[in-house]
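The values are calculated or read from the model by the stated rules, or taken from the named source; none is laboratory data. Because the structure is a prediction, the values reported are computed rather than measured. Cβ coordinates were reconstructed from backbone atoms using ideal geometry, including for glycine residues, and neighbour counts include every protein chain displayed.
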Amino acid sequence: MQKITPFLWFDGKAEEAANFYTSIFKDAKIGQILRSGEAGPGPKGSVITVSFQIAGHEFVALNGNAQFKFNESISFFVDCKDQAEVDYFWTKLIEGGGSEIQCGWLKDKYGVCWQIIPSVLMKLLGDPDPQKSARAMQAMMQMKKIDVAKLQAAADGK
């Protein structure tokens, strides 16, 4: 187990969420599923936690209750090599009731926030030409899902 592991609280949907995430990312897998015994908590055999792995990173999903909700103060950043990857992750993570936020951010159907960001965005925002980086920033601020072609065109002044 890695030294620090994200531990995500779901309202009774830990196993469903873990299966959703592992279906989207390549080389993802479900690990240990901890179930309630005779003493609980919850009915015998019900899921308490599900460990899963995405891109070599361990996560644990906990079946909690409705007491706590996810919010935008925590998000997972997905570095995408191109527009096709942006489109893939955006479509898959928003599927089934997610919502678009702004500037490459979305919230999935469980309320978990994700940043679906093409590598070129960070390159353009950090460009040594302050006008080019400002144009890239301005374009990004107008987008929900990042459009690489429009971002590049704006940065280039087109």
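If I filter region 47-62 for residues that are in contact with a Phe, Trp or Tyr (Cβ under 7 Å, 6 or more places away or on another chain), farther than 17 Å from residue 3 by Cα and outside any loop (DSSP other than H, G, I, E, B), do I get at least one hit? Taking every residue of region 47-62 in turn, at least one turns out to be in contact with a Phe, Trp or Tyr (Cβ under 7 Å, 6 or more places away or on another chain), farther than 17 Å from residue 3 by Cα and outside any loop (DSSP other than H, G, I, E, B). Scan (1) surrounded by 15 or more Cβ atoms within 10 Å (Cβ to Cβ); (2) under 30 Å from residue 136 (Cβ atoms); (3) at pLDDT below 95 for the single condition residue 71 breaks and write down its number. Failed condition: (1). On inspection, residue 136 does not qualify as part of a helix (DSSP H, G or I) and touching a Lys or Arg at 6+ places or on another chain (Cβ under 6 Å). Inclusion of residue 92 among residues that are in a loop (DSSP other than H, G, I, E, B), of a type in the set (Lys, Arg) and either at negative phi or free of Cβ contacts under 8 Å to residues at least 60 places away in the same chain (or both) is not warranted. Looking across 20, 25, 7, 52, one residue alone is out of contact with any strand residue (DSSP E or B) (no Cβ under 7 Å at 6 or more places or on another chain), in contact (Cβ under 8 Å) with a residue 12 or more places away in the chain and either over 14 Å from residue 108 (Cα atoms) or not basic (Lys, Arg) (or both). It is 20.
In this structure, is residue 158 modelled with pLDDT under 95 and over 23 Å from residue 70 (Cβ atoms)? Answer is yes for this residue.
The residue that is nearest to residue 9 (Cα to Cα), counting only those in region 36-55 that are modelled with pLDDT of 95 or more and either in the same structural domain as residue 100 (by TED's automatic domain parsing) or not hydrophobic (A, V, I, L, M, F, W, C) (or both), is 49. Could you tell me whether region 97-119 includes any residue that is among the charged types (D, E, K, R), crowded, with 16+ Cβ neighbours inside 10 Å and part of a strand (DSSP E or B)? For region 97-119, residues among the charged types (D, E, K, R), crowded, with 16+ Cβ neighbours inside 10 Å and part of a strand (DSSP E or B): present. When we screen 107, 92 for residues that are in contact with a Cys (Cβ under 6 Å, 6 or more places away or on another chain), in the same structural domain as residue 145 (by TED's automatic domain parsing) and modelled with pLDDT of 95 or more, the only hit is 107.
Every residue, every condition in (1) within 25 Å of residue 9 (Cβ to Cβ); (2) small (Gly, Ala, Ser); (3) out of contact with any Leu (no Cβ under 6 Å at 6 or more places or on another chain), yes or no:
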| position | (1), (2), (3) |
| --- | --- |
| 108 | yes, no, no |
| 111 | yes, yes, yes |
| 119 | no, yes, yes |
| 134 | no, yes, yes |
| 138 | no, no, yes |
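Filtering region 145-152 for residues that are buried (at least 16 other Cβ atoms within 10 Å of the Cβ), in contact with a Lys or Arg (Cβ under 9 Å, 6 or more places away or on another chain), assigned to a helix (DSSP H, G or I) and among the polar types (S, T, N, Q) leaves a non-empty set. Looking at residue 122, is it in contact with a Lys or Arg (Cβ under 8 Å, 6 or more places away or on another chain) and not assigned by TED's automatic domain parsing to the domain that holds residue 33? No, not satisfied.
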